[in-house]
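What follows is one structure encoded as structure tokens, with my remarks underneath.
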Amino acid sequence: MKLKNNTIALDATDYKILEALREDARQTYTDIGEQLGIAHSTVYDRIKRMEQYGIIKQYTTIVDAEKAGAKKITAIMTIYTEPKESEKVAEKLCKAPEILEVYTSLSEELQIIAKITAENQESLHTFIANSIAPLPGVLRIRTSILTKKFKENAFSIVSDPKKITFIKETRNIERRETV
């Protein structure tokens, strides 16, 4: 990692370390170092710098809600908004615990795309009708309930997969079927 004109530039080793952490953040510095062929002290120093500069924001756990006993449904909502209200709507959505992810998209119309979870279809409907539809600036909402999950993966920072050769092949996941 290099600092130039207050801009942080990551090198290939930094990206490989980040990919290793994304795959399994519980790996030791030694494990990562062995995978990359570098000293564990180098891995430690680079991770600490990336934490210091906010590149690594947090370490987290991905829970398989179904295996943990939570019987929930997941849906993707496309929320069409008035342009002046879009940011406010997105910010309000971020505060709702039912909303897992929020994105904006500039296409023909301004859209907010949100991933939502609910106990059942009735509670999903109630939440949308009472909490999202009445928000100022919301024009219309399209909701798609997810019925089967084939793959779930955290965001990858690598734009060229050839750069990272030691990462294991992504596992396909077939865990959720909801009616």
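Nothing in this text is a laboratory measurement; each read-out follows from the coordinates by a stated rule. Note that the structure is a prediction, hence the values are computed from the model and not measured.
Taking the centroid of alpha carbons for each part, segment 27-45 and segment 97-115 are 38 Å apart.
For segment 1-133, the spread of Cα coordinates along the three principal axes comes to 55, 43, 22 Å, biggest extent given first.
In whole angstrom, segment 2-61 maps to an equivalent ellipsoid with semi-axes of 19, 14, 9, each derived as √(5λ) from the alpha carbon gyration tensor and ordered largest first.
Using the structure shown, select from Lys72/Lys148; Lys67/Lys115; Lys115/Lys149 the pairs with a Cα to Cα distance greater than 18 angstrom. Going by Cα-Cα distance, Lys67/Lys115 fall outside the 18 Å limit.
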